[in-house]
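The numbers here are math on the coordinates, done by the rules we state, and not lab data. Here the structure is a predicted model, which is why all the values come from computation and not from measurement. Don't worry about glycine lacking a Cβ; one is built from the backbone with ideal geometry, like all the others, and counts go over all protein chains shown.
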Amino acid sequence: MKKLSLIFILLAALSFSAVAEDAADSTTTNPDYTEKSMESTESTKKSSEKSFFAELENYIGKNIVVYISDVDVTVRGELLEIFSEGLYIRNIFKVSVFVSKSSISYIELRNTDAKKN
């Protein structure tokens with residue numbers, strides 16, 4: 001579980017570094033170079049999003065915790081569905097909650113397969 005969390009953090013760090021490179025490249029005067037770097041950044045974002053959602057599909061039906069950015073709110077519950085815009089989670093009150101992808105700051109995946117002694 002810790003390894004999976006580290007993978008998500010690594011993916012987020014890679015996407016931020018790609019954006020930083022794009023910002024640094026935009027100061028150059030060569031428009032062809034800028035267009036190529038922008039295309040590269042967009043493809044990096046798309047591939048990281050695809051791998052993120054592909055990895056989360058393995059956790060449908062399992063418990064997750066989603067931390068919302070800029071507020072002290074967490075959504076805990078069973079992962080129901082994954083959309084390109086966000087996630088549907090069923091909380092402890094059996095209410096389906098939609099969490100927008102742009103508001104997610106961190107996702108903690110719970111290991112429900114582990115046996116408790």
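Tabulated data for the structure shown
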item	result
Vicinal HN-Hα couplings computed from phi for the stretch 56-61 (Karplus, 6.51 cos²θ - 1.76 cosθ + 1.60; Hz; Gly/Pro x)	5, 4, 5, 9, 5, x
Quarter of Cα convex hull surface for the stretch 60-109, i.e. mean projection, nm²	3.1
Sorted peptide list for 93-103, 54-64, criterion being average Cβ within 10 angstrom, highest first	54-64, 93-103
